[in-house]
Amino acid sequence: MVCKLCGPKLSLCGLVLSVWGVIQLTLMGVFYHFKAVALLEDLPLEESAAGEEETLETFIANVEHGYMQNALNCWIAALLYFVTLVVSGHQFWMNNRSSVSM
Amino acid sequence: MGSLFRSEEMTLCQLFLQSEAAYACVSELGELGLVQFRDLNPDVNAFQRKFVNEVRRCDEMERKLRYLEKEIRRDGIPMLEIPGECPEAPQPREMIDLEATFEKLENELREVNQNAEALKRNYLELTELKHILRKTQVFFDEHEGGANTTESMTRALISDDPNRHMGQVQLGFVAGVILRERIPAFERMLWRACRGNVFLRQAEIDTPLEDPSSSDQVYKSVFIIFFQGDQLKTRVKKICEGFRATLYPCPEAPADRREMAMGVMTRIEDLNTVLGQTQDHRHRVLVAAAKNIKNWFVKVRKIKAIYHTLNLFNLDVTQKCLIAECWVPVLDMETIQLALRRGTERSGSSVPPILNRMETLEDPPTYNRTNKFTGAFQNLINAYGVATYREVNPAPYTIITFPFLFAVMFGDLGHGALMAAFGFWMCYKEKPLQAKKIDSEIWNIFFGGRYIIFLMGLFSMYTGLIYNDIFSKSLNIFGSSWRNNYNVSTLRENRMLQLNPDSDDYIQTPYPFGIDPVWQLAEANKIIFMNAYKMKISIIIGVFHMLFGVCLSLWNHIYFKRRISIYVEFVPQIVFLTLLFFYMVLLMFIKWTSYGATPGHFGSDDPEIVKSSAYCAPSILITFINMMLFKTDANPRPQCEETMFAGQLVFQKLFVIVALLCVPVLLFGKPYFVMKEQKERASQGAQPLEAAAENGSAGGAPVPASQHHDEDITEVFIHQAIHTIEYVLSSVSHTASYLRLWALSLAHAQLAEVAWNMLLRKGLMSLGYEGGVFLYVVFAGWAAISISILVLMEGLSAFLHTLRLHWVEFQSKFYAGEGYLFQPFSFEVILDSAGQTEE
């Protein structure tokens, strides 16, 4: 893996963003998993089917489904950021190495 | 022991140095950096000073070094930083050695450069010739192809004379090279001047050629001009000269051309070798110089600084010793004596230097001994005004109040964490980052304030926990104190429902630390609730900050022995502020504690309970306004008491009257005492007065004439009137000004909410697993907005407002700020500033 995809600044940006992304998205996933009320407004809720009254049970089921879905989505995004972290870190290390060995 | 509480005690000293020891002593003092010299020869021209020759030699050496540095930079050779300590200033006799070295290096380099230029010019000519020989092959082929096949070429040259037979026309030609940009104009000029009787062919040279003098890469073209006759030849040659085209002799016969081409190739190869060797030699010279050049720069700058300082000295009548006057911190006299002794020992002189304290009426400079942490805060204060000599220094309190007021405006756990992380990284990697010497000015501003940024971040995390705000979401750490008691049908039918604290909806014990997380869900009245809280907090903090400022003025009055000012300025100021605004703060606390729900009797109609319920809490603002205007409103709520505590109206009337009485005391107190004092002095006759004047505002020097006294009195009156009006008005306006703490924190919270709702929420609304990838992208955008707008822009804004609050609202209560900075003769400072001007 010798290719240099980006310069030192972009790799540093990517590194910082990835670290932040991993930490925050993992925590958000955990909070969604524990059904935190603060995140109630950030749920994907299905619109009730036309004509059918939405009972409390279906609403609660939708909410819980939304929480689980978002928790998984957050963790998927955190995983993607982890990959970005590895790539950026590698690029950053390569950039540093080439500038030092000069 | 010096401290940050007030500036250091300074004394004016006279320094007697023996001429031989002077250089070494000044060098030691420069390393120490604790002495500020005064110019004892202010009327003397720079060219008439004693050491002007040495300074000139130093300038010459610096010029040579700068030339060397430019050449080194041009070749891209890295210059080694100075390992370890800075070199000391060399002895005067070493200066000659240095001069010789630099002279030799400069001459060598200039010679090499000249040779290289000549070689390059040669090379360029040969290259152009090579291109000409190659390209003109094509032209000649066409020419020799016969007039019949190339009609277009000869048509223009055929005269209208029908007698001339259409055989081959004998054409002369010139060949040369010209810049590509000039070809169109060249062609046109040729056409017009020669009346269309010359023929130009041109071909572009693909590779750019290096111009020897400017080292630019330029594109050129080969051209060949065919003409008939000598007159045209001269004309063509003149035009070529005018357009700065270089003409080359090009043989007609192809065999000759081939021979010439081969000769040119060999010569080009030879030249390449020679050029390569010249460049190598130059490179070697520069690399050898690059190892020491930083060292040399430091030495030369130090020598120059020493001679500049020596120029400020006075030469004694006997021509044996130099006299200097300098400001010196009293606590450092020992250190300076030691340094002087070291200097005399180094120079081998026998006579010890003498350091004498002098009495003076001048104002000494202000010197605050700071380290890398406190220095940043001291700079913030000094930016507005340097403290008067021995005045109370606001810097130590600023270390805490500045980050705290910033945090009140910035309160967000997430953004504070980002800021604290950035500040921590800068402080942790201090030494390597400093060694890098990065050029960017913005970076230097951030790096210089790294401790401030770190503290601001930490404090913002604290206020973020209090406001319970992390990226606009609340954390539920301890469990909310509010409960939902509605049944399912009510919940289904209403979009918005209210929870009443005067009922079982609130469990009557508050959330242990910070704002209850339930408020995040209260989109209808969260802002109204937070407004009430934040505005009161802002006023409370503001009043305390200002009271603290007024109290600091007490220390100033005591130190400068202005006893009258204590009674006539400090006491009325404190009384005025306390009786009016601290009373308002007390009302806020009373309102918070006296009115609330009574557990067990929720919603009761019992008049006693109603009187202590939240329904009866009065508006502090209306109360305050009525207090100041001495009026009472009709009671709009008959079940409620009109006052918050017994005797409130009496107290309020008393407070306002006493506060108003403070104003004439402020206005006339001091001038009255000044007048009394001057009458006493006049009645006692012309007696020598103490230097410690009791009335600072009337000026320091005692004047016997009574006329001056009258002028002083009017000035004192006007001065005092201005101060009084300023203080009274500012007590209202500055108190209101602290409401910016509320305004900015509201803005920050709302911006964070908008960023989350409009941006990050879009990534959280997907029903399937592709939401993960979408969230990945949206998060990056939200992070960018958060950093750029919320951290950088809001951070800058809050920083600015905090600074203003300190400079205007806090410092106007006690700070005079009319001093000047102590600028000691220090090599460190000189080398730093020289290094910066270089960039």
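The values are calculated or read from the model by the stated rules, or taken from the named source; none is laboratory data. Here the structure is a predicted model, which means the values were calculated and not measured. Quick reminder, even Gly has a Cβ in these numbers, built from the backbone with ideal geometry, and neighbours come from all protein chains shown.
B:I574 meets each of the listed conditions (1) farther than 24 Å from B:F668 by Cβ; (2) surrounded by 14 or more Cβ atoms within 10 Å (Cβ to Cβ); (3) at pLDDT 95 or above apart from (1).
Can you tell which of B:N484, B:N468 is buried (at least 21 other Cβ atoms within 10 Å of the Cβ), touching a residue at least 12 places away in the same chain (Cβ under 8 Å), touching a Leu at 6+ places or on another chain (Cβ under 8 Å) and not aliphatic (A, V, I, L, M)?
The conditions single out B:N468.
Looking at the stretch B:79-101, can you tell me whether even one residue there is under 30 Å from the mean Cα position of the chain (by Cα), among the acidic types (D, E) and part of a helix (DSSP H, G or I)?
For the stretch B:79-101, residues under 30 Å from the mean Cα position of the chain (by Cα), among the acidic types (D, E) and part of a helix (DSSP H, G or I): absent.
When you go through (1) part of a helix (DSSP H, G or I); (2) in contact with a strand residue (DSSP E or B) (Cβ under 9 Å, 6 or more places away or on another chain) one by one for B:A597, which number turns out not to apply? Here B:A597 clears every test but (1). Among the residues of the stretch A:67-83, the one identified as out of contact with any Gly (no Cβ under 6 Å at 6 or more places or on another chain) and in contact (Cβ under 8 Å) with a residue 60 or more places away in the chain is A:F82.
Within the stretch B:519-550, being touching a residue at least 12 places away in the same chain (Cβ under 8 Å) and aliphatic (A, V, I, L, M) holds for B:A524, B:I527, B:M530, B:M535, B:I537, B:I539, B:I540, B:I541, B:V543, B:M546, B:L547, B:V550. Scanning the stretch A:69-102 for residues that are over 14 Å from A:G21 (Cα atoms) and either exposed (fewer than 13 other Cβ atoms within 10 Å of the Cβ) or in contact with a strand residue (DSSP E or B) (Cβ under 9 Å, 6 or more places away or on another chain) (or both) gives A:W93, A:R97, A:S98, A:S99, A:V100, A:S101, A:M102.
Exactly one residue out of B:T509, B:T463 is in a loop (DSSP other than H, G, I, E, B), more than 14 Å from chain A (Cβ to nearest Cβ) and not acidic (D, E): that is B:T509. Among the conditions (1) buried (at least 17 other Cβ atoms within 10 Å of the Cβ); (2) outside any helix (DSSP H, G or I), B:H545 misses just one, which is (2). Looking at the stretch A:16-37, which of its residues are within 20 Å of B:N476 (Cβ to Cβ) and among the hydrophobic types (A, V, I, L, M, F, W, C)? A:I23, A:L25, A:L27, A:M28, A:V30, A:F31, A:F34, A:A36, A:V37, listed by residue number.
So, B:I477, is that one within 14 Å of chain A (Cβ to nearest Cβ), farther than 23 Å from B:A783 by Cα and exposed (fewer than 15 other Cβ atoms within 10 Å of the Cβ) or not? In short, yes.
Residues that are hydroxyl-bearing (S, T, Y) and part of a helix (DSSP H, G or I) were ranked within the stretch B:778-831; the one that is nearest to the other protein chains (Cβ to nearest Cβ) is B:S786.
Where helices (runs of 4 or more DSSP H) fall wholly inside the stretch B:317-429, the ranges with 3 or more residues that are farther than 30 Å from B:F16 by Cα and out of contact with any Leu (no Cβ under 7 Å at 6 or more places or on another chain) are B:372-384, B:395-410, B:413-428.
This table checks each residue for (1) closer than 12 Å to A:W93 by Cα; (2) more than 14 Å from the chain's Cα centre (by Cα); (3) within 11 Å of chain B (Cβ to nearest Cβ); (4) touching a residue at least 40 places away in the same chain (Cβ under 8 Å).
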position	(1), (2), (3), (4)
A:K4	yes, yes, no, yes
A:Q24	no, no, yes, no
A:L27	no, no, yes, no
A:F34	no, yes, yes, no
A:E41	no, yes, yes, no
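Considering B:G768, B:G772, the condition of being more than 30 Å from B:W519 (Cβ to Cβ), surrounded by 20 or more Cβ atoms within 10 Å (Cβ to Cβ) and within 11 Å of chain A (Cβ to nearest Cβ) is satisfied by B:G772 alone.
Here B:A752 passes the criteria (1) at pLDDT below 95; (2) within 14 Å of chain A (Cβ to nearest Cβ) except the one numbered (1).
For the stretch B:558-571, what are the residues that are of a type outside the set (D, E, K, R) and crowded, with 19+ Cβ neighbours inside 10 Å? Selection gives B:S565, B:V568, B:F570. Evaluated against (1) surrounded by fewer than 19 Cβ atoms within 10 Å (Cβ to Cβ); (2) aliphatic (A, V, I, L, M); (3) in a helix (DSSP H, G or I), B:L12 falls short on exactly one condition, (3). State all residues of the stretch B:480-499 that are part of a loop (DSSP other than H, G, I, E, B), farther than 10 Å from B:Y511 by Cβ and away from chain A (no Cβ under 12 Å); if no residue qualifies, say none. Listed by number, the residues that qualify are B:R483, B:N485, B:Y486, B:N494, B:R495, B:M496, B:L497, B:Q498, B:L499.
So which residues in the stretch A:24-43 are charged (D, E, K, R), touching a helix residue (DSSP H, G or I) at 6+ places or on another chain (Cβ under 6 Å) and surrounded by fewer than 18 Cβ atoms within 10 Å (Cβ to Cβ), if there are any at all? Steps first, answer last, please.
Let us first name the residues in the stretch A:24-43 that are charged (D, E, K, R), namely A:35, A:41-42.
If we keep only those that are touching a helix residue (DSSP H, G or I) at 6+ places or on another chain (Cβ under 6 Å) as well, we get A:35, A:42.
A:K35 - this is the single residue of the stretch A:24-43 that is charged (D, E, K, R), touching a helix residue (DSSP H, G or I) at 6+ places or on another chain (Cβ under 6 Å) and surrounded by fewer than 18 Cβ atoms within 10 Å (Cβ to Cβ).
Across the stretch A:1-14, the number of residues qualifying as under 18 Å from B:S788 (Cβ atoms) and crowded, with 19+ Cβ neighbours inside 10 Å comes to 1. Residue count for the stretch B:577-599, restricted to those that are surrounded by 15 or more Cβ atoms within 10 Å (Cβ to Cβ) and farther than 19 Å from B:T643 by Cβ: 5.
Would you say B:D270 is at pLDDT 90 or above, among the acidic types (D, E) and out of contact with any strand residue (DSSP E or B) (no Cβ under 6 Å at 6 or more places or on another chain)?
In short, yes.
For the stretch B:433-459, the set of residues classified as surrounded by fewer than 22 Cβ atoms within 10 Å (Cβ to Cβ), outside any loop (DSSP other than H, G, I, E, B), in contact (Cβ under 8 Å) with a residue 40 or more places away in the chain and not hydrophobic (A, V, I, L, M, F, W, C) consists of B:G448, B:Y451, listed by residue number. Considering only the stretch B:198-206, I want to know if a residue exists there that is outside any loop (DSSP other than H, G, I, E, B), of a type in the set (F, W, Y), modelled with pLDDT under 85 and touching a strand residue (DSSP E or B) at 6+ places or on another chain (Cβ under 7 Å). Yes, the stretch B:198-206 has at least one match. Of the residues making up the stretch B:417-432, those that are without any contact (Cβ under 8 Å) to a residue 60 or more places away in the chain, within 14 Å of chain A (Cβ to nearest Cβ) and closer than 26 Å to B:S460 by Cα are B:A417, B:A420, B:A421, B:F422, B:F424, B:W425, B:M426, B:K429. Among the residues of the stretch A:62-71, at least one is in a helix (DSSP H, G or I), of a type in the set (G, A, S) and within 12 Å of chain B (Cβ to nearest Cβ).
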